[in-house]
Amino acid sequence: MSNILKKSLMDRLLKLQCHFTWDLLGEDVDIDNVEERLNDQIVFLPDALKHRMYNLLAYLKHLKGDHEEAMIQLQNAEAHIQGSNISEDTDVRRTVMYANFAWVFYHQNQFNKSFTYAEKVETILKQYESPPKKNTLLLDIYGEQGWTYLSFTGKYYQRAAECFAKALELDPEDPELNSGYAMTVYRMESFGYSSNTENKSFPLLERAVRLNPKDTVLKVLLAVKCQDMNNYNQGTMLIEQALQEQPESPYVLRYAAKFYRKNKQINEAIAMLKKAVSLTPTSVTVHYQLAKCYKDLIKMPTPYNRQQNNETIKNAIFHSEKAVELNRLSVGAHILLAQVYMKANEHQKAKEEFNKTLTMNNIDSEQKQELHFYWALHLKHLRRSESGAVRHFKEVIDIQNPTWFREISIKELERLEETMRLGSHNCKLDAGSPHPIRNSRRMRPTLYGVDSHVSAVDLV
């Protein structure tokens with residue numbers, strides 16, 4: 001094919017709506033990790049979305065340069081659409097898939113086949129260019145784009161929300177789109193560090209559950225959100241209902257575990273996560289949640305709990321290291337690993353992980369605040385370095401984002417500076433008098449003994 005014809009083909013490809021034109025950047029994700037997640041979802045989630053999972057898997061194979069495997073995934077998508085029970089508008093569901101075919105053939109230098117599939121897309125678009133058929137086409141494209149962004153990485157959640165919102169303007173009652181929008185907003189809130197969370201996902205999840213009464217994952221998400229809003233009874237009812245309906249779903253198990261962990265029922269949470277990890281052994285989320293549970297169980301070492309505490313520390317380190325191994329681009333997993341090393345008093349490892357995480361390319365300002373915040377607590381309570389703690393609390397405050405970490409750091413810094421000032425003054429007046437800093441330590445017996453108004457907040 002001449003360069004002129006290749007350029008003409010590329011111009012046509014760039015106009016297609018598909019994964020190759022949605023600005024999905026490989027450097028933003030751990031590709032192997034996303035593949036593992038999608039393969040788990042194909043096994044455990046309902047059939048309705050499987051062709052979309054295969055489409056995204058094909059694009060991920062392209063990012064790895066494996067176009068033969070990308071073609072296999074697209075063939076899986078086509079077979080799933082062909083074998084589905086949907087009796088109408090199957091061509092609509094092929095639009096994105098055919099566009100992906102066109103791109104993969106182009107990258108295989110099979111330009112005639114690429115041209116053929118680009119034409120197939122254009123034929124479908126002509127058939128659906130007039131209302132109300134056009135809305136049917138747009139709904140599917142917006143939906144696939146939204147699910148793709150939601151499945152890729154947290155950086156793309158805002159785009160996912162925008163896609164689902166556009167689709168819902170066309171069909172507010174669509175169950176699948178309501179589900180996607182509610183899940184996206186829930187995840188965006190879960191990623192937030194603001195002290196003024198508005199819980200926008202709560203009515204969205206309620207609506208999605210009403211429209212998808214058999215979707216147990218939505219039920220457990222709503223349960224966790226009920227818990228956030230202090231509606232424990234409704235949350236418990238939803239958790240029990242979901243576990244009864246799908247006791248072997250790893251997604252139900254891990255959100256139920258999150259619910260129980262937040263209710264301080266750590267052993268119950270661990271039991272559920274152990275079951276989930278047996279079903280999805282490469283799930284970053286499950287290993288991450290297990291590490292958080294074991295971290296919560298780590299106590300100040302005493303002669304009475306040393307053996308049990310050592311086992312807890314060992315488990316916390318194993319699962320946090322496993323989460324990092326499975327997704328090296330997960331800043332949250334790296335932060336958790338640093339925190340676990342801090343609680344285990346592995347100071348050198350904690351310091352190395354702290355410094356490594358701060359230099360990650362994808363760390364955002366809120367995550368930097370979180371990291372400096374916990375390092376300050378570590379220096380204050382375990383390393384007995386008030387001056388070091390002051391320096392890192394100031395690092396948190398210098399980042400202007402209005403998070404819990406910044407609010408608490410301001411109060412901690414004020415108390416530390418006052419304590420250090422009084423300590424210095426008292427030492428000059430009476431070298432034998434009680435030292436206020438030492439006294440303040442006695443008042444904080446727990447490992448991360450922030451004051452009572454702080455410990456009531458579930459920061460991790």
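The values are calculated or read from the model by the stated rules, or taken from the named source; none is laboratory data. What you are looking at is a predicted structure, and each value in this text was computed from that prediction instead of being measured. Glycine also receives a Cβ, built like all others from the backbone with ideal geometry; neighbour counts cover every protein chain displayed. Just so you know, the surface numbers come from the protein's heavy atoms only, side chains and all, with ligands and any DNA or RNA stripped out. Shrake-Rupley method; radii C 1.70, N 1.55, O 1.52, S 1.80 Å.
Odds and ends about this structure:
- Picking from residues in region 210-226 that are more than 13 Å from Tyr186 (Cα to Cα) and not hydrophobic (A, V, I, L, M, F, W, C), the one that is least open to solvent (accessible area, probe 1.4 Å) is Thr216.
- Some residue of region 109-121 being under 27 Å from the mean Cα position of the chain (by Cα) and either of a type in the set (D, E, K, R) or assigned to a helix (DSSP H, G or I) (or both): no
- Failed condition for Lys292, given (1) without any contact (Cβ under 8 Å) to a residue 60 or more places away in the chain; (2) assigned to a helix (DSSP H, G or I); (3) farther than 22 Å from Glu412 by Cβ: (1)
- Matching residues, region 110-132, being among the polar types (S, T, N, Q) and at pLDDT 95 or above: Gln110, Asn112, Ser114, Thr116, Thr123
- Odd one out for Val43 among (1) surrounded by fewer than 16 Cβ atoms within 10 Å (Cβ to Cβ); (2) more than 21 Å from the chain's Cα centre (by Cα); (3) more than 18 Å from Tyr59 (Cβ to Cβ): (2)
- Some residue of region 193-214 being hydroxyl-bearing (Ser, Thr, Tyr), out of contact with any Asp or Glu (no Cβ under 8 Å at 6 or more places or on another chain) and under 30 Å from Val396 (Cβ atoms): yes
- Residue list for region 361-378, filter: over 17 Å from the mean Cα position of the chain (by Cα) and open to solvent by less than 40 Å² (accessible area, probe 1.4 Å): Gln369, Leu371, His372, Phe373, Tyr374, Trp375, Ala376, Leu377, His378
- Region 227-241, subset of a type in the set (S, T, N, Q) and surrounded by 13 or more Cβ atoms within 10 Å (Cβ to Cβ), residue nearest to Phe44 (Cα to Cα): Gln241
Rundown of residues vs (1) of a type in the set (D, E, K, R); (2) touching a Phe, Trp or Tyr at 6+ places or on another chain (Cβ under 6 Å), yes/no style:
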site	(1), (2)
Val43	no, no
Glu69	yes, no
Gln82	no, no
Tyr106	no, no
Lys134	yes, yes
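- A count restricted to region 384-398 and to residues that are more than 9 Å from Leu416 (Cβ to Cβ) and touching a helix residue (DSSP H, G or I) at 6+ places or on another chain (Cβ under 7 Å) stands at 7.
- Qualifying residue in region 163-180 (condition: on the phi < 0 side of the Ramachandran plot, under 16 Å from the mean Cα position of the chain (by Cα) and not hydrophobic (A, V, I, L, M, F, W, C)): yes
- Of all residue pairs spaced 6 or more apart or on separate chains, those with beta-carbon atoms under 9 Å, a first member in region 29-49 that is of a type in the set (D, E, K, R) and a second member that is part of a helix (DSSP H, G or I) and open to solvent by 30 Å² or more (accessible area, probe 1.4 Å) are Asp30/Leu326; Asp32/Leu326; Glu35/Lys61; Glu36/Leu326; Arg37/Thr285; Asp40/Leu279; Asp47/His80.
- Whichever residue in region 295-329 is of a type in the set (S, T, N, Q) and in contact (Cβ under 8 Å) with a residue 12 or more places away in the chain and, among such residues, is surrounded by the most Cβ atoms within 10 Å (Cβ to Cβ): Ser320
Here is a yes/no grid of residues against (1) within 16 Å of Gln75 (Cα to Cα); (2) of a type in the set (S, T, N, Q):
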{"residue": "Arg94", "(1), (2)": "yes, no"}
{"residue": "Lys113", "(1), (2)": "yes, no"}
{"residue": "Leu125", "(1), (2)": "no, no"}
{"residue": "Lys133", "(1), (2)": "no, no"}
{"residue": "Thr136", "(1), (2)": "no, yes"}
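- The set of residues in region 56-97 being touching a helix residue (DSSP H, G or I) at 6+ places or on another chain (Cβ under 8 Å) and acidic (Asp, Glu) consists of Glu69, Glu78, Asp89, Asp91.
- Scanning region 52-77 for residues that are buried (at least 16 other Cβ atoms within 10 Å of the Cβ) and either modelled with pLDDT under 95 or among the basic types (Lys, Arg) (or both) returns Arg52, Lys61.
- Of all residues in region 286-335 being basic (Lys, Arg) and within 23 Å of the chain's Cα centre (by Cα), the one that is nearest to Lys368 (Cα to Cα): Arg328
- The residues in region 302-331 that are assigned to a helix (DSSP H, G or I) and either closer than 20 Å to Arg37 by Cα or acidic (Asp, Glu) (or both) can be counted, and the count is 10.
- Count of residues meeting criterion [in a helix (DSSP H, G or I) and open to solvent by 30 Å² or more (accessible area, probe 1.4 Å)] in region 129-144: 7
- Subset of region 379-409 [under 19 Å from Glu353 (Cα atoms), touching a residue at least 60 places away in the same chain (Cβ under 8 Å) and surrounded by 22 or more Cβ atoms within 10 Å (Cβ to Cβ)]: none
- Taking the listed residues Glu189, Glu173, Glu206, Glu198, the one that is in a helix (DSSP H, G or I) and open to solvent by 60 Å² or more (accessible area, probe 1.4 Å) is Glu206, with no other qualifying.
- When residues in region 242-276 are screened for being within 20 Å of the chain's Cα centre (by Cα), open to solvent by 30 Å² or more (accessible area, probe 1.4 Å) and among the hydrophobic types (A, V, I, L, M, F, W, C), 1 of them pass.
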